[in-house]
């Protein structure tokens, strides 16, 4: 009985991994941000993402991400990221340009969380006035 249960768990987890289709690999381009549970800026955070972190964009046929959002995998977590925060090329990041300054900020996990939430709330648009 235990052997059948173990086989079922292993086969089930391999089946889920096989169904996951990676559409592309992109890089996170903001200073800090979040992988969200739902496609909303106010949605709960699954994990914090730093600049230049690789993100696997997944096929979202079942999740149906709205325009401006992508269904993605970061580490072991799967959730939603705003598509404007992703780039094809690895970005030049503040953390890499000024590592001594960044390390001396001594940001703990809470600080990083709130910096990421702040970046999620920004609306970057161009002015159409002349």
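The values are calculated or read from the model by the stated rules, or taken from the named source; none is laboratory data. In this text the structure is predicted, and so the values were computed from the model without any measurement. Glycine also receives a Cβ, built like all others from the backbone with ideal geometry; neighbour counts cover every protein chain displayed.
Within the stretch 64-77, can you find the residues that are touching a residue at least 12 places away in the same chain (Cβ under 8 Å) and over 20 Å from residue 29 (Cβ atoms)? I'd like the intermediate steps shown before the answer.
Going through the stretch 64-77, the residues touching a residue at least 12 places away in the same chain (Cβ under 8 Å) turn out to be 65-66, 68-75, 77.
The one that is touching a residue at least 12 places away in the same chain (Cβ under 8 Å) and over 20 Å from residue 29 (Cβ atoms): 66.
For the stretch 104-118, check the following and say yes or no: at least one residue is touching a residue at least 24 places away in the same chain (Cβ under 8 Å) and under 24 Å from residue 23 (Cα atoms).
Kept after step one, since they are touching a residue at least 24 places away in the same chain (Cβ under 8 Å), are these residues of the stretch 104-118: 109, 112-113, 115-117.
Keeping just the survivors that are under 24 Å from residue 23 (Cα atoms) gives none.
Checking the stretch 104-118: not a single residue is touching a residue at least 24 places away in the same chain (Cβ under 8 Å) and under 24 Å from residue 23 (Cα atoms).
Cβ contacts < 6 Å: first residue on the phi > 0 side of the Ramachandran plot and part of a loop (DSSP other than H, G, I, E, B), restricted to the stretch 38-53; second residue modelled with pLDDT of 95 or more and buried (at least 16 other Cβ atoms within 10 Å of the Cβ), any location; separation 6+ or different chain. Result?
From the stretch 38-53, the pairs are 52/27.
Just need a number here: residues in the stretch 95-125 that are exposed (fewer than 11 other Cβ atoms within 10 Å of the Cβ) and in contact with a helix residue (DSSP H, G or I) (Cβ under 7 Å, 6 or more places away or on another chain).
Count: 0.
When residues of the stretch 95-130 are filtered for being assigned to a loop (DSSP other than H, G, I, E, B) and either on the phi < 0 side of the Ramachandran plot or within 20 Å of the chain's Cα centre (by Cα) (or both), how many remain?
From the stretch 95-130, those assigned to a loop (DSSP other than H, G, I, E, B) are 98, 105-108, 122-130; that's our starting set.
Right, trim to either on the phi < 0 side of the Ramachandran plot or within 20 Å of the chain's Cα centre (by Cα) (or both) and you get 98, 105, 107-108, 122-130.
Residues flagged as assigned to a loop (DSSP other than H, G, I, E, B) and either on the phi < 0 side of the Ramachandran plot or within 20 Å of the chain's Cα centre (by Cα) (or both) within the stretch 95-130 amount to 13.
Under the condition of being without any contact (Cβ under 8 Å) to a residue 60 or more places away in the chain and part of a helix (DSSP H, G or I), which residue from the stretch 83-94 is nearest to residue 70 (Cα to Cα)? Give the derivation first.
Taking the stretch 83-94 and keeping what is without any contact (Cβ under 8 Å) to a residue 60 or more places away in the chain, we get 83-85, 92.
With the extra rule that they be part of a helix (DSSP H, G or I), the set shrinks to 83-85.
Numbers: 83: 6, 84: 10, 85: 10 Å.
My answer is 83.
Which residues, taken from the stretch 59-77, are farther than 19 Å from residue 90 by Cα and in a strand (DSSP E or B)? Spell out how you get there, then give the answer.
Of the residues in the stretch 59-77, the ones farther than 19 Å from residue 90 by Cα are 59-69, 71, 76-77.
Of everything in the stretch 59-77, those that are farther than 19 Å from residue 90 by Cα and in a strand (DSSP E or B) turn out to be 69, 71, 77.
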